[in-house]
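Worksheet: one structure, shown below.
Just so you know, all these numbers are worked out from the coordinates, no wet-lab data involved. In this text, all values refer to a predicted model and were calculated from it rather than measured experimentally. With ideal geometry, Cβ positions are generated from the backbone for all residues, glycine too; neighbour counts draw on all protein chains shown.
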Amino acid sequence: MSKLWGGRFTKKTDQLVEEYTASILFDKELAEEDIQGSLAHVKMLGKSAILSADDVEKITDGLLKVQGIIRRGEMEFNIGDEDIHMNVEKALIDEAGPVGGKLHTGRSRNDQVATDMHLYLRKRVVEIAGMLQKLQAALITQAKANEETIIPGYTHLQRAQPILFAHHLMAYVSMFQRDIERLQDSYKRINVLPLGAGALAGTTFPIDRHYTAELLGFDGVYENSLDAVSDRDFILEFLSNSSMIMMHLSRMCEEFVLWSSTEFHFIELDDAFCTGSSIMPQKKNPDVAELVRGKTGRVYGNLVGLLTVLKALPLAYNKDMQEDKEGMFDTVKTLQGALLLFAPMVETMKVNKDRMRQAVSQDFSNATDIADYLVTKGLPFRQAHEVIGKTVLYCIQNGKYLLDLTLEEFKGFSTLFDEKIYEVLQPEQVVAARNVYGGTAQPQVKAAIARAEEATARTAAWVEEYLAKSK
């Protein structure tokens, strides 16, 4: 059969051109959305008296048959029909006869593909928000189980100050909350309908774009037809948001890799999320965490790739924009795959509380509290800082920690020291002293957990509501 657009041409398309320019090998991912958009479009054509009720019924029945064929995995996608739109239209004509050719009245593949991608991403961002919420819930569960567990806090990967392990985990809950909020905010820009813009200038048919938007659950329509078919900001925003999510996951992966090493031994990841070595039988490798860390790069690449494709493109549609899909699909698959693994990996993680407590007892992460203690005694902070610096140096030179020093040794550095210094230096006291909003003291962490649980409940309700809308 000749091309659906082949009337103007006198030669067949070169086979290599067909293979190079066809997108069906990847945009068949949009099959469900293409049918969904077409069902709404043909209903609008009937309401606007552009097609007869009989034509609408035949086309609708044909589309539903094609949808069934696709869902059953029986659709034979043909590279000669280029893309998902023409493959569906060809299948429709096979099912419904020539009347199927009327479906494309009042639209172009340019506004059709943009609509498909809006429909696709609209559902994906809600699904990803739901997966992030499940990861937050897993982190909160671990935090609640470790509200008294103390771990060294780090800066520059050097021990800095003791903190609650729950406080550390809740930092990631906060990161993922921002990610969820970015996805939620992006939804309003995704949920705008481009259909009806035609190739670039609209259509001569008296279509009702707002009715189509209502049928498809969009909040509105694009104001400008040129913008409607050339806009890929919503995909860029998704790729940017996804890059930040992957960056947050990658940071946590790095800590899981470090913490599960023999040198740290703070946690043990469940066997189900680790692998072994083909040569070293003792090995237990945190491969999931490492691979998520590695796959972050490909998500970054997808963002930079599309930014580069769109750079300097004139209005409106250009074939370059066919390159907008593979990176989007890959990012969705990569991100959902990571999140699907992460929640159960966190849930099943074992925490070595004794090793964490031992770590904060054998370092100088309580040094700042001595300086603060001297400040309460009237010594200016800069002088107190110098005193404690010299005290720490003395400990290092003599193989001791601060709690090992006698009161006489302390007084050798400042006469302001008294017996209370031993209470101040206890890791539990160091943590408890930071009882400010957002701090690591237990009351603050408990309050943060409560706020996070309220936020995750709101997210769960939002996901349920918006997934229902997209059905």
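Overview of results
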{"quantity": "Percent of C-alpha pairs per 10 Å bin, the chain, short to long", "calculated": "4, 16, 21, 18, 14, 11, 8, 5, 3, 1, 0"}
{"quantity": "Residue list for region 153-179, given a label point 7 angstrom along the Cα-to-Cβ vector of residue 261 and an amide N cut-off under 16 Å", "calculated": "154-159"}
{"quantity": "Sequence-separation-based contact order of the chain, relative, with Cα cut under 8 Å and 6+ spacing, percent", "calculated": "17 percent"}
{"quantity": "Label zone at residue 361 (point 7 Å along Cα-to-Cβ), backbone N below 19 Å, region 405-438", "calculated": "405-406, 421-432"}
{"quantity": "Cα gyration tensor shape of region 280-385, rounded if a/c is under 1.5, else prolate or oblate by comparing a/b with b/c", "calculated": "oblate"}
{"quantity": "Those lysines that a straight Cα-Cα span of less than 24 Å connects to residue 283, excepting residues fewer than 8 apart in one chain", "calculated": "295, 350, 353"}
{"quantity": "Among beta bridges that DSSP assigns inside the chain, antiparallel share in %, nearest 5", "calculated": "80 percent"}
{"quantity": "Loop-located GluC sites (Glu not before Pro) in region 388-471, at most 12 other Cβ atoms within 10 Å (DSSP)", "calculated": "419"}
{"quantity": "For the chain, calculated [θ]222 nm from helices alone, where every DSSP H run of n ≥ 4 adds -39500 (n - 2.57)", "calculated": "-20000 deg cm²/dmol"}
{"quantity": "Region 318-412: trypsin sites (Lys or Arg not before Pro) in DSSP coil with no more than 11 other Cβ atoms inside 10 Å", "calculated": "none"}
{"quantity": "Helix axis angle, 381-398 relative to the chain longest principal axis, alpha carbon, degrees", "calculated": "80 degrees"}
{"quantity": "Listed pairs 90/311; 144/400; 28/123 exceeding 26 Å between Cα atoms", "calculated": "90/311; 144/400"}
{"quantity": "Crossing angle, helix 367-376 versus the chain [Cα axis fit, 0-90 degrees, rounded to tens]", "calculated": "60 degrees"}
{"quantity": "Cα gyration tensor shape of region 332-407, rounded if a/c is under 1.5, else prolate or oblate by comparing a/b with b/c", "calculated": "prolate"}
{"quantity": "Helix 165-190 axis, angle to the chain major axis (alpha carbon atoms, nearest 10°)", "calculated": "20 degrees"}
{"quantity": "Span from the region 396-471 Cα centroid across to the region 262-322 one, whole angstrom", "calculated": "32 Å"}
{"quantity": "Radius 13 Å from Cβ of residue 333, net charge of other residues (Lys, Arg +1; Asp, Glu -1)", "calculated": "0"}
